[in-house]
Amino acid sequence: MNMKTLPTTRYLFVFLIFILLFSTGCCEQIQPNSTEQTILIPSLKTDIVPSERLVPTETPTPRPLPTKTVTMPPLLTITSTLQAMATLDPTQYAETVQKYLSQGEVCQSPCIFGIIPGQTPMDQAGNIFSSLHHPLTKNTYPDGKEFYQAIIGCEEKNISISVDLSEENGVVKNMKAGIKLPEYKKNPEPRVWQAFSPETILAKYGLPSQIEFRLSFPTEEDFPRKTAWYDMVLLYDHLDLTVEYLQGLTVEDDLIQVCPLSDQYSSVSVYIGMDFEYPPYTGVPLEKATSLTLAQFSDLLNQRSKTACFDISKDAFYPRE
């Protein structure tokens with residue numbers, strides 16, 4: 001044996017023993033023996049999972065964004081229903097529109113097609129109407145302000161829904177839905193727009209802040225003499241909601257009888273939101289136009305009877321000299 005290599009071999013052996021002991025100590029240190037480490041890992045995952053974290057909270061909005069519980073169910077329900085319209089024939093399409101008009105919305109706040117002004121992003125609203133195969137189109141008011149519009153209709157049933165939306169900071173600011181109803185008939189068919197009828201609105205949203213009436217008289221040859229039209233407007237100030245029933249057909253007299261649950265209207269307009277470019281016209285308050293209070297009006301219509309009628313005074317609109 002070469003005596004010069006002996007010290008080197010001994011040092012190498014000692015060095016290997018030292019490395020082995022050091023490595024064994026490191027493996028023991030990284031084992032999850034600590035109870036704190038075992039709890040920490042799942043707690044971090046749990047913080048990421050909840051669905052409300054998926055809501056784009058950074059989206060600008062004048063009001064708090066809704067939770068998933070409020071917004072998503074109506075949007076998912078409507079989207080899945082409207083996507084099926086692509087394969088419907090005209091008769092089925094009309095039936096689908098009528099179903100929407102008869103059943104209405106399930107939103108906790110007033111909405112149209114699941115869209116809540118002040119909360120729903122404009123892109124999401126566009127996707128909803130695209131799924132209807134009636135995408136939003138950009139239009140301009142006479143003063144140059146832009147708005148978006150979609151028109152959904154079925155000519156066979158003489159029904160159409162025109163929806164106008166305005167945008168602010170990427171969010172739907174306000175919207176109006178004009179529901180064109182079937183033409184006046186001597187023997188009208190049952191209402192296909194029950195979801196927006198006065199009794200349904202009262203049952204869903206309670207007593208209005210105010211009720212107003214407007215009165216006019218058709219001059220077209222199709223209408224006999226002594227024919228009158230009235231508009232009835234339900235205002236819910238705390239909900240930023242206004243519902244108009246336009247051109248209710250009745251008979252002209254000093255006291256004009258109106259029966260909101262059975263009279264025929266030409267259209268219904270629903271306004272949701274604030275700062276409309278063309279808000280509804282004001283009318284004569286219920287208490288001045290009739291002998292009813294808000295509570296008495298509500299009680300009368302809640303009877304759900306076609307005989308729920310009352311009189312409005314022509315003098316309240318056109319005072320005699």
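The values are calculated or read from the model by the stated rules, or taken from the named source; none is laboratory data. The shown structure was predicted, so the numbers you read here are calculated from the model rather than taken from an experiment. Backbone-built Cβ (ideal geometry, glycine too); neighbour counts: all protein chains shown. Quick note on the areas: whole protein, heavy atoms, side chains included, nothing else; ligands and nucleic acids left out. Shrake-Rupley method; radii C 1.70, N 1.55, O 1.52, S 1.80 Å.
Could you check the range 128-154 and list, in sequence order, the residues that are touching a Pro at 6+ places or on another chain (Cβ under 9 Å) and touching a residue at least 40 places away in the same chain (Cβ under 8 Å)?
Cys154
Please find, within the range 167-190, the residue that is surrounded by the most Cβ atoms within 10 Å (Cβ to Cβ) out of those that are basic (Lys, Arg) and over 13 Å from Ile115 (Cβ atoms).
Only one residue fits best here, namely Lys180.
From the set of residues in the range 280-289 that are in contact (Cβ under 8 Å) with a residue 24 or more places away in the chain and not small (Gly, Ala, Ser), which is nearest to Gly144 (Cα to Cα)? Talk me through it step by step, then tell me what you get.
Just the residues of the range 280-289 that are in contact (Cβ under 8 Å) with a residue 24 or more places away in the chain, to begin with: 280-286, 288-289.
Keeping just the survivors that are not small (Gly, Ala, Ser) gives 280-282, 284-286, 288.
Numbers: Pro280: 20, Tyr281: 22, Thr282: 25, Val284: 32, Pro285: 33, Leu286: 36, Lys288: 38 Å.
Ranking the candidates gives Pro280 first.
Identify the residue in the range 148-166 that is buried (at least 20 other Cβ atoms within 10 Å of the Cβ) and at pLDDT 90 or above and, among all such residues, is nearest to Gln98 (Cα to Cα).
Only one residue tops the list, namely Ile161.
Return a yes/no flag: does the range 260-268 have any residue that is within 24 Å of the chain's Cα centre (by Cα), part of a loop (DSSP other than H, G, I, E, B), at negative phi and surrounded by 15 or more Cβ atoms within 10 Å (Cβ to Cβ). Spell out how you get there, then give the answer.
Of the residues in the range 260-268, the ones within 24 Å of the chain's Cα centre (by Cα) are 265-268.
Subset that is part of a loop (DSSP other than H, G, I, E, B): 265-266.
Retained after the next criterion (residues that are at negative phi): 265-266.
From the residues that got through so far, the ones that are surrounded by 15 or more Cβ atoms within 10 Å (Cβ to Cβ) too are 265-266.
There is at least one residue in the range 260-268 that is within 24 Å of the chain's Cα centre (by Cα), part of a loop (DSSP other than H, G, I, E, B), at negative phi and surrounded by 15 or more Cβ atoms within 10 Å (Cβ to Cβ).
Taking the range 295-312 as the search range and keeping residues that are touching a residue at least 40 places away in the same chain (Cβ under 8 Å) and open to solvent by 30 Å² or more (accessible area, probe 1.4 Å), which one is farthest from the chain's Cα centre (by Cα)?
Asp311
Do you know which residues across the range 250-259 are polar (S, T, N, Q) and open to solvent by less than 40 Å² (accessible area, probe 1.4 Å)?
Thr250
Out of curiosity, is Leu239 surrounded by 12 or more Cβ atoms within 10 Å (Cβ to Cβ) and closer than 22 Å to Lys306 by Cα?
Numbers: surrounded by 12 or more Cβ atoms within 10 Å (Cβ to Cβ): yes; closer than 22 Å to Lys306 by Cα: no.
Here the answer is no, as Leu239 does not meet what is asked.
Specify the residue that is farthest from Leu286 (Cα to Cα); the eligible residues are those in the range 201-219 that are open to solvent by less than 40 Å² (accessible area, probe 1.4 Å) and in a helix (DSSP H, G or I).
Ile201
Return a yes/no flag: does the range 205-212 have any residue that is more than 14 Å from the chain's Cα centre (by Cα), of a type in the set (S, T, N, Q), closer than 20 Å to Met232 by Cα and modelled with pLDDT under 95.
No.
Taking the range 160-200, which residues are assigned to a loop (DSSP other than H, G, I, E, B) and of a type in the set (Val, Ile, Thr)?
Val192, the sole residue that qualifies.
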